[in-house]
1. Sorted from fewest to most neighbouring beta carbons within 10 Å, what does the list Cys183, Cys83 look like?
2. Please give me, ordered by residue number, the trypsin sites (Lys or Arg not before Pro) of region 298-370 that lie in loop per DSSP and have at most 16 other Cβ atoms within 10 Å.
3. In the chain, what cysteines have no partner Cβ closer than 4.7 Å?
4. For region 151-308, give the share of DSSP beta bridges that are antiparallel, in percent and rounded to the nearest 5; count only bridges with both residues there.
5. I want the antiparallel fraction of DSSP beta bridges within region 5-134, as a percent rounded to 5.
6. When the C-alpha atoms of region 5-134 are aligned to their principal axes, what extent does each axis show, in angstrom, from largest down?
7. Using 26 Å as the Cα-Cα cut-off, could you pick out the over-long pairs in Lys380/Lys408; Lys181/Lys386; Lys208/Lys380?
8. Whole number please: convex hull volume per residue, Cα atoms of region 185-319, in Å³.
Amino acid sequence: MPGVPIYLETFGCQMNELDSELVRGQLLRLGYSFVDAPEQAEVVLFNTCSVREHAESKAYSRIGLVGKRKAQGERVLLGVLGCMAERDGLDMLRRYPQVDVMCGPGELDRLPALLDAARRSEAASQAERVALAGNRTRRSAVLSAVQDDLETLDLSRAFDPDAEGRRAHSAQVRITRGCNKFCTYCVVPYTRGAEVHRPPDHVIDECKRLADAGAIEITLLGQTVNHYRYEHGLAVTVGGREAPQIGPGLQAFRSPIPEGKRVTTFARLLQRIHDEVPAIQRLRFVTSYPRDFGRDILQVMRDCPRICRYLHAPAQSGSDRILGLMNRGYTRAQYEDFVHEVFEILPDATLAGDIIVGFPGETDEDFQATCDLVRTLPFKNNFIFKYSPRPGTIAIDRFPDDVPDEVKRLRNNQLLALQSETSARVHANWVGREVDVLIEECFTDAAPARVPAGGVELRWEGQRAAAGKRALRGRTAGDLIVAMDAPSGAEPESMVGQIVQARVDRSAALLLHGSVLPNTVAAGA
Ligand code: 5AD
Ligand code: SF4
């Protein structure tokens, strides 16, 4: 398909961003090209998210716009990828006939064939244009883990340091697909299927190749990243090589590794990447599940200087009753114990999370318990969401969505204000300290940095950044955002992708202001 222009838009989470990057690499290698505006494209792809209704509505409105173009006679091929395709299934084709191709998140390796079929003939059959896992995902999970074609997609990723659409210094590597937790509100276990862990050697090989291509920061991705566990020596291999493996039951985290078994735990995986890929200056991971987060992981984080002491570990609620209804499997006290253990072993750690307000049956008292949690624990930020009933989940079937939207909105705003106070306290603690900052952006005060964080857009408040003067924005190892004037005499654009040392001069709710220390471009930068 030489040169066929594609527009690819991604909705939702980091997992989707990585999926889009892999899809893009795969299609570029096949000769497609990518454009920045849907109007310039012959193929429009939406990589969609089903976690909340809002994300779905946005995608549907985009699908509607493409439908209008097609109704006016334009020849454009529309593909819906990701969780919405998987969740809606063939129903989407009936309701939105403008959709030509559908591809679930577990089938993305098949996308080129689907596009090819749909482009060659408008009469291509549904089977040629649609790839969804359907209920196959869970029924034959063990089999699908072994024959995991998606693994090919991860393994065949392009390692182009100049790849458009990817900040070459920072990359993501998947270690686990899917999720086995079944939190009652969440659609992910249904759309992304059962938890499957990638062989450690595949992960390490990918990290090495990304480092060779210039990456200095790697973020390991998994829905519950600390549940990573790979048992070696199992009979199921592909061509003599280790294959992806279905996740073990939770019991595996509660008892010691049986004698004679060789297991790569998450702690061991972190240690291996740290030791075997020294060019990676920053190794981070998301998302952590607050239960079964072993002390061994915290000890490895303490002992390995290039592992970031940053945890994104969603609490979701501060009320035991709501946590129970959510099927989170921990109490508020257990969450607090976990956080205290984190700070006992890693005193300079930073903590972030997610919270849902307005879960069915959430009373004022439940909400106050959540407020209390946000007030008392040192969250640097929390992503706060209004509960959104999702078709197919346990919650939508069992619990009526009885918190009025207005109450959800009020609670959301109240919690944002409270989080902002907590964030301000956490950020103020860093004033006067020296930090390493990975520079991500260079801007002028006429075009301030726009950083979405916890739903809030930050604005650079540089006082010295007179009109036209260059400023820099980056992140500490703990994921705190730092804005700084570009040092005089430096070529600020060339500092993007480097780690510099800075002193923190002052703080705002979600932002630190610092100064680059002279002659302190850190090692590896
Ligand atoms: N409604 C609102 N928020 C949700 N999340 C997941 N499912 C829902 C839902 N149905 C939030 C959780 C999760 C984050 C990725 O999205 O907080 O951690
Ligand atoms: Fe969803 Fe819970 Fe799995 Fe996270 S752990 S992806 S919230 S089911």
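Read-outs throughout are calculated quantities, based only on the coordinates presented, and are distinct from any laboratory measurement. The structure presented is a predicted model; accordingly, all values stated were derived computationally and were not measured. Counting neighbours? That spans all protein chains shown, and the Cβs are built from the backbone with ideal geometry, glycine included.
1. Fewest-to-most ranking of Cys183, Cys83: Cys183, Cys83.
2. Working: sites: Arg302, Arg306, Arg309, Arg321, Arg328, Arg332; in loops: Arg306, Arg309, Arg328.
Sparse-neighbourhood loop trypsin sites (Lys or Arg not before Pro): none present.
3. For the chain, the answer is Cys13, Cys49, Cys83, Cys103, Cys179, Cys207, Cys304, Cys308, Cys371, Cys442, because their Cβ atoms have no other cysteine Cβ under 4.7 Å.
4. On the way: 10 of 21 bridges.
Antiparallel bridges make up about 50 percent of those DSSP assigns within region 151-308.
5. 0
6. Taking max minus min along each principal axis of the Cα atoms, region 5-134 gives 33, 32, 29 Å.
7. Numbers: Lys380/Lys408 23 Å; Lys181/Lys386 20 Å; Lys208/Lys380 31 Å.
Beyond 26 Å between Cα atoms: Lys208/Lys380.
8. 144
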